[in-house]
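Since the structure comes first, as structure tokens, the remarks are kept for the end.
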Amino acid sequence: MKRVDMRYAGTVAALAVIYFLAAKFGLSLAFVNKQVTAVWPPTGIALASLLIFGIKFWPGVALGAFLINAATGSPFTAVGIATGNTLEAVIGAAALRRLVQFNPALDRLRDVFGLAVFAAAISTAVSATVGVASLCVGGMPWAGAAPVWLVWWLGDGLGDLVVAPVLLTWVSRPRLEWRGGKLAEFTALYAGLVLAGWAVLAGRMIPTSATQSLAYLVFPFIIWAALRFGPRETATAVFVISSMAIWGAIHDRGPYAIGTFNERLNMLQIFMGVTALTALILGAVTAERARADEDLRRLLNELDLRVRDRTAEQERKSSVLRATLDLTADGILLVDHEGKITLYNRKFVEMWRIPESVMAAGDDDQALAFVLGELKNPDAFLSKVRDLYANPEAESFDILDFKDGRVFERHSVPHRLGSRIIGRVWDFRDVTDRNRAEETLKTKIQELEQLTQVMLGREERIMELKDEIKLLRERPPVKRGTG
């Protein structure tokens, strides 16, 4: 329990120190009032910290905000401003977590819009309102509250749009995956970005008077980062550009070195806001498209595997079916509605003596033309076939006589798939031997009947002879005379 408490206390203390140091840098850009700046990095740090570690670490934000404001003003005013800063971070983090189901990777449009609306727009309004009210209670004229509130609100909003995305995206994806050509491209991207920013925004290579119309020359590099790398690299590019623009404004160089300090920082805020929001949206859209492409590839791979499995299963079933058909004594032929042969067994080919090339063509008419010459009555055979094809639901049974003496039984029924007829099944059975056996048996029976008749006739003659003998035996003997 003590270890957990120490870890919590250490995290809170570290957050307070980081907040304080970032605030020291932010206050170096203060104008209008020593506690109001055009760019306030601690806002982004506080929001990112509560989103990453949890809202329970809000005391670190409160402590850091109090210390930095107490160092520049009265303790009473510092408490008020620290309260507003803390509420800002807590409200922003809670809204993003509960209403947006926020993903720190910023790879969805909902995350970017949630960050812009709930954090950069709404929660910062709370800090600006509480902070300006504290300043006015502490002695600042209420008449000057409106411009101070606007600058405060914009500065905190930029902290959420410029600083927070860098921290969030790098924490969510800390490892570098670039290798080979991708690493070379990344190097070229940031080399060009830094060179363009240093030349235009920092005003180190181009005269300040000529840089105002060139400020947006850095946008191609933002687009490049978004389209080719993603939200993390895009947020980093925005941070680099913003840093150079701020440096130029502070040192009276670049496009934001012209005009009063107030005007320069207001133009800087607009530039940073437009750049950050555009870049984050483009990065999220690119990430969503990449994710959709990846999902599509995954689905296609799954579909391909399923098709392969289904094909293998169908081939297995087809193999079993074909093996079963090849073991049957009948010749089987399946023909679809278009007259294409869809299935046949080995016995069918053997019975009809059709070349394999004809069967491989799959044309029922071609197979019919081949067998017609072997039949005694080909016209009747063909007429029956046409009639059955014209009446899909009909069934048929008949006898086929061949010129060489063979005899087939032909049975045909519709081929059904569920309730739908999809073709016709033909079943042929060679009954030549059976018919010959029946003929032989019939002949033998006839011969036996004839023999029986002969035997019966002989039996009747024997009976007659027996009767005659009997009569002769019963006749008295004839006496002979002596005279």
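Please treat every number below as a calculation from the coordinates, not as lab data. The structure displayed is predicted, hence computed values, not measured ones. Glycine also receives a Cβ, built like all others from the backbone with ideal geometry; neighbour counts cover every protein chain displayed.
By the Cα gyration tensor, the stretch 328-430 has an equivalent ellipsoid whose semi-axes, rounded to whole angstrom, run 20, 16, 13 from largest to smallest. In order along the stretch 6-16, the phi-based Karplus estimate (6.51 cos²θ - 1.76 cosθ + 1.60, θ = phi - 60°) of 3J(HN,Hα) comes to 5, 5, 5, 5, x, 5, 4, 5, 5, 5, 5 Hz; Gly and Pro are listed as x. Taking 17 Å as the cut-off, the amide N atoms of the stretch 116-157 that come nearer than this to a point 7 Å along the Cα-to-beta-carbon line of Ser172 belong to 116-120.
Once a ≥ b ≥ c are taken as the square roots of the eigenvalues of the Cα gyration tensor of the stretch 176-327, is the result rounded (a/c under 1.5), prolate (a/b larger than b/c) or oblate (a/b not larger than b/c)? Let's see the in-between values first.
Working: a/c = 6.34, a/b = 3.97, b/c = 1.60.
It comes out prolate by the Cα gyration axes.
Arrange the following residues from fewest to most other Cβ atoms within 10 Å of their Cβ: Met140, Met351. Spell out each step's value before the answer.
Details: Met140 20, Met351 17.
The most exposed by this proxy come first: Met351, Met140.
To the nearest µm²/s, what D does Stokes-Einstein give for the stretch 45-195 at 37 °C and 0.692 mPa s, using the Kirkwood radius over alpha carbon pairs as Rh? Walk me through the numbers before you get to the answer.
On the way: Rh = 16.8 Å.
The diffusion coefficient I find is 196 µm²/s.
Only DSSP H runs of four or more residues enter the estimate; each adds -39500 (n - 2.57), and after division by the residues of the chain the mean residue ellipticity at 222 nm equals -22000 deg cm²/dmol.
Cross-link pairs exceeding 29 Å between alpha carbons, from the set Lys56/Lys182; Lys347/Lys376; Lys317/Lys340; Lys347/Lys384; Lys317/Lys376; Lys403/Lys444: Lys56/Lys182; Lys317/Lys376.
Return the ratio Rg/(2.2 N^0.38 Å) for the chain, where Rg is computed over Cα atoms only. Present the calculation step by step, with values, prior to reporting the outcome.
Values: Rg = 50.7 Å, N = 483, 2.2 N^0.38 = 23.0 Å.
The value comes to 2.20.
Applying a DSSP loop filter and a limit of 11 other Cβ atoms within 10 Å to the GluC sites (Glu not before Pro) in the stretch 292-371 leaves Glu338.
Exposure proxy shown here: for Met359, Met272, the number of other Cβ atoms within 10 Å sets the order, fewest to most, as Met359, Met272. Taking 0.36 nm per residue of sequence separation and removing the Cα-Cα distance, the Ala191/Glu356 pair yields an extension gain of 52.4 nm.
Where Lys and Arg each count +1 and Asp and Glu each count -1, what net charge lies around Ala226 among other residues with Cβ under 13 Å from its Cβ?
Working: positive: Arg228, Arg232, Arg289; negative: Asp107, Glu233, Glu288.
That works out to 0.
As a proxy for reagent exposure, ranking Ile122, Ile332 by other Cβ atoms within 10 Å from fewest up yields Ile122, Ile332.
What is the sum of charges, Lys and Arg at +1 and Asp and Glu at -1, for the other residues whose Cβ falls under 12 Å from the Cβ of Val130? Could you put the intermediate results ahead of the total?
Details: positive: none; negative: Glu88, Asp156.
Around Val130, the charge tally is -2.
Relative to the longest principal axis of the Cα atoms of the chain, the long axis of helix 124-137 makes an angle of roughly 20 degrees. Name the shape class, rounded, prolate or oblate, that the alpha-carbon gyration tensor gives for the stretch 115-266, where a ≥ b ≥ c are the square roots of its eigenvalues, rounded holds for a/c under 1.5, and otherwise prolate holds if a/b is larger than b/c and oblate otherwise. In terms of gyration-tensor shape, oblate.
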